[in-house]
Amino acid sequence: MVTFGVFRFDPERLKLYNGTLPVRLAPQPAQVLRLLVESPGQTVTRDQIREALWPAGTYVEFELGLNTAVNRLRRALNDSAENPRYIETIPKTGYRFLAPVDRPAAQASEPVPEPRRQWRPWALALGLLLVVALGGRWWWQPAPAKPPQVITVALPVGAKILDLAVAPAGDQFAYIVGGGTPRVYRRYLRENFSRRVEGADGATAVCFSPDGERLSIVTENGIKLITADGQAQVILPLKGQGSEVAPILWTPENRIVYSVGLGEQAGIWSIPATGGAPQRVLSNQVKPEGVGFALVQQSLGGRLLFHQRLGPRHNSLWVLEAGKPRLVREGAMGGSVGGGQLVYSQDEALYAAPFDERALRVTGNAVELASGAGTKGWLGAIAGLTSAGRLVYLEPAALEARRLAWISDGADPAWLPLPPGEYEQVRISPVDPRVIALVKREARSRWSASTFHLDTHVQKTLLTTPVTRPRLLWAPDGQSLVISSELENGDFVNLYRFPANGKQPPVRLTEQPNFGQFPLSWRSMPGPLLFAEGTHPDTKADLKAYSWRDGTVQTVVATPQWDLDGEISPDGKWLAYASGPAVEPRIYVVPFPNLSPVEPRFIAPGRAPTWQAGGRGLLFSRDQQIWQVSLPGGTPRQWAAVGGNSFDYWSRPFDLAPGGRVLTMLRPTPVASQARFIVIDNVADAYRRAGQ
């Protein structure tokens, strides 16, 4: 095993690790890495790589194959050709590995035994002392570690935990319960009940003051300070933009530091806790490998720890010191320092590693503290850590048991012969309505895309991936599907065409390195493929069209709002889409392609517009129900009381069959549930136990 930077590489098994986390690396990029680390600082020529990877007699388009292998390797190492940290391109010659490579020292030879000597009195005394010491060590075994404390709280029907903060003294924590109007609760560890915080309704993020007496919250309309008696003071109006603000931090210097995800103000900002003008601390950085969203985590003696997100699986921790950012840990999502440990999440698991707070560096290997923790999406784990090392985190919820059903106008659901599961998308074949395509969450960090025949019950898995929520779309002839995937170790999901029979490999369609892409609508061959692309730092999600003739991509709709759920009409002349704030989008219709351009026509509030036969109307989702509106100029009416659950930004919750029936995903009947918080008193002890 050799090490360089934050990576470890096994040249024999061709396995790459970021710390303790395995990094997916195809065989050819792994072989290129082996050649480079075997000669660090020296140029490895293209001919040398060709001879190693493609022996004589092997036919391959060498230049394309080598460039692809090196690009995949750079993506795996979070490296770039423009500013290389690991792989430098030597023009027209080859490549050179820049980072120092550490190899394990050769095993020392066995020592030559010394001549046997007679025992002396002092040696006997030393032996007796050793026996006594060992006996004392056996007799005085340390007390067993205190097991983690489990705190269970009741939740209202359909509610879930949105955020969590731990007081600096570690004596209490605060949490936000979503579902309806979000509410904030405080829980003292010495008590067996939670207290609702007055004046904090509508909160989406929460943190404690340095003395633990007050709270600061983010709502849709402002950042507020909440006193112990429920008095609220707005220190920063947000004017309906609060959904873009999180996380939030109250520093010992009595300042509120917060992150803005998107728009012109994207980055980290600071404001006095007494109110005043915000000051920009750090801007989001647009890099060759993606947009580096900066998310504040912790104040460390005037230095700021922040999490940078570049892609679904590329996250890192940085520290901002004297205005200059410095990398602390690759492969870390969120993170806090306490008790001599750095605790962070990745792939929904919690890890800890020894940390030197003065030098701001990791000093040992990371170990897994918990195989799962509740998460708040791209912000990391729902967890908090005190400077003394007390950790509180949310236990992950079980997978939701959704079901699939046919729904007709005014009729009861007709259930499909599929077991309950956490289904995320369903699409009906445009050729045979007995064949459907599914996206399903199989485990906490594993998703699948497959086809299923409703009569034969034959299921074919096309893709499994650790990247959240792949999305799919049938080709008009029903012979293939377009799926958003991160194949080839890409940072973001791009579009791939998968044969429906699963017998041929997928074909990559797009090469966007900075933003995810999700297929939406494809009416005719070789007509345009409509897809959503996001998240852009300025325009959020946009609608784009892929041309099958030349592979080019054109922007169709791009506003400063979220542009989602586009679908082309059956005659190919109109486009229906949803646009607006993520919490309350509106449906519009424009000509397609809108070359003039024509001002979009507002239809109704809602999401997921779907054209009915002949383009005579639209079905859409609103308030977890399905609605219908006739075109042009009809009044929306409720079409079905169920079936309109929108599970995320990138896909509709239902699909429309040629006969007019809807195939949808239905949540089980909501019931009251519980949330479990795990309290670890000493994270350093937990680290030692986990590493044994």
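The values are calculated or read from the model by the stated rules, or taken from the named source; none is laboratory data. Model, not experiment: these values are computed from the prediction. For neighbour counting, all protein chains shown are included, and Cβ atoms are generated from backbone atoms with ideal geometry for every residue, glycine included.
Screening the candidates Arg497, Arg469 for the property of being farther than 15 Å from Pro430 by Cα and in a loop (DSSP other than H, G, I, E, B) yields one hit, Arg469.
Please count how many residues of the stretch 248-290 are outside any loop (DSSP other than H, G, I, E, B) and out of contact with any helix residue (DSSP H, G or I) (no Cβ under 6 Å at 6 or more places or on another chain). Working first, answer last.
Here is the first cut: in the stretch 248-290, the residues outside any loop (DSSP other than H, G, I, E, B) are 248-250, 255-260, 267-272, 279-283, 285-287, 290.
Next cut, out of contact with any helix residue (DSSP H, G or I) (no Cβ under 6 Å at 6 or more places or on another chain) only: 248-250, 255-259, 267-272, 279-283, 285-287, 290.
Residues in the stretch 248-290 being outside any loop (DSSP other than H, G, I, E, B) and out of contact with any helix residue (DSSP H, G or I) (no Cβ under 6 Å at 6 or more places or on another chain): 23 in total.
If only residues of the stretch 78-90 that are within 20 Å of Gln512 (Cβ to Cβ) and in contact with a Leu (Cβ under 9 Å, 6 or more places away or on another chain) are counted, the one that is surrounded by the most Cβ atoms within 10 Å (Cβ to Cβ) is Asn78.
If you check Leu225, Leu282, Leu215, Leu249 for being under 24 Å from His536 (Cα atoms) and either hydrophobic (A, V, I, L, M, F, W, C) or out of contact with any Phe, Trp or Tyr (no Cβ under 9 Å at 6 or more places or on another chain) (or both), only one passes: Leu282.
Would you check if Thr451 is modelled with pLDDT of 90 or more, of a type in the set (Ser, Thr, Tyr) and surrounded by 19 or more Cβ atoms within 10 Å (Cβ to Cβ)? Step through it out loud before you land on a result.
Working: modelled with pLDDT of 90 or more: yes; of a type in the set (Ser, Thr, Tyr): yes; surrounded by 19 or more Cβ atoms within 10 Å (Cβ to Cβ): yes.
Here the answer is yes, as Thr451 does meet what is asked.
For Leu33, are the conditions met, namely being on the phi < 0 side of the Ramachandran plot, at pLDDT below 80 and not in a loop (DSSP other than H, G, I, E, B)?
On the way: on the phi < 0 side of the Ramachandran plot: yes; at pLDDT below 80: no; not in a loop (DSSP other than H, G, I, E, B): yes.
Criteria not met by Leu33.
Filtered by the rule that a residue be in contact (Cβ under 8 Å) with a residue 24 or more places away in the chain and farther than 23 Å from Arg676 by Cβ, the stretch 177-211 gives Glu198, Gly199, Ser209, Pro210, Asp211. Residues in the stretch 219-244 that are part of a loop (DSSP other than H, G, I, E, B) and of a type in the set (A, V, I, L, M) were compared, and the one that is farthest from Ala200 (Cα to Cα) is Leu238.
Scanning the stretch 578-593 finds one or more residues that are in the same structural domain as Pro430 (by TED's automatic domain parsing), farther than 30 Å from Pro147 by Cβ, polar (S, T, N, Q) and without any contact (Cβ under 8 Å) to a residue 24 or more places away in the chain. Quick check on Thr468: is it farther than 24 Å from Gly65 by Cβ, hydroxyl-bearing (Ser, Thr, Tyr), in contact with a helix residue (DSSP H, G or I) (Cβ under 9 Å, 6 or more places away or on another chain) and surrounded by 15 or more Cβ atoms within 10 Å (Cβ to Cβ)? So Thr468 fits the description; yes.
Residue-by-condition table, conditions (1) over 30 Å from Gly339 (Cβ atoms); (2) exposed (fewer than 13 other Cβ atoms within 10 Å of the Cβ); (3) touching a Cys at 6+ places or on another chain (Cβ under 6 Å); (4) without any contact (Cβ under 8 Å) to a residue 24 or more places away in the chain:
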{"residue": "Val598", "(1), (2), (3), (4)": "yes, yes, no, yes"}
{"residue": "Pro609", "(1), (2), (3), (4)": "yes, no, no, no"}
{"residue": "Gly617", "(1), (2), (3), (4)": "yes, no, no, yes"}
{"residue": "Trp650", "(1), (2), (3), (4)": "yes, no, no, no"}
{"residue": "Leu663", "(1), (2), (3), (4)": "yes, no, no, no"}
{"residue": "Leu666", "(1), (2), (3), (4)": "yes, no, no, no"}
{"residue": "Ala675", "(1), (2), (3), (4)": "no, no, no, no"}
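Answer yes or no: is there a residue in the stretch 360-367 that is within 24 Å of Phe293 (Cβ to Cβ), in contact (Cβ under 8 Å) with a residue 12 or more places away in the chain, assigned to a loop (DSSP other than H, G, I, E, B) and of a type in the set (Lys, Arg).
Within the stretch 360-367, none of the residues are within 24 Å of Phe293 (Cβ to Cβ), in contact (Cβ under 8 Å) with a residue 12 or more places away in the chain, assigned to a loop (DSSP other than H, G, I, E, B) and of a type in the set (Lys, Arg).
Check off (1) in the same structural domain as Leu300 (by TED's automatic domain parsing); (2) touching a Ser or Thr at 6+ places or on another chain (Cβ under 8 Å); (3) buried (at least 16 other Cβ atoms within 10 Å of the Cβ) for Gln341 and give me the number that stays unchecked. If we test Gln341 against (1) in the same structural domain as Leu300 (by TED's automatic domain parsing); (2) touching a Ser or Thr at 6+ places or on another chain (Cβ under 8 Å); (3) buried (at least 16 other Cβ atoms within 10 Å of the Cβ), just (2) comes out false.
Here are some residues: Gly614, Gly660, Gly643. Which one is under 24 Å from Val431 (Cβ atoms), part of a strand (DSSP E or B) and modelled with pLDDT under 95?
Values: Gly614 fails: part of a strand (DSSP E or B); Gly660 fails: part of a strand (DSSP E or B).
Answer to the check: Gly643.
Residues satisfying the criterion are present in the stretch 190-207 (criterion: assigned by TED's automatic domain parsing to the domain that holds Ser270, loosely packed, with under 13 Cβ neighbours inside 10 Å, at pLDDT 90 or above and not in a loop (DSSP other than H, G, I, E, B)). Looking only at residues that are part of a strand (DSSP E or B) and free of Cβ contacts under 8 Å to residues at least 24 places away in the same chain in the stretch 629-640, which one is farthest from Glu584 (Cα to Cα)? Ranking the qualifying residues of the stretch 629-640, first place goes to Ser630.
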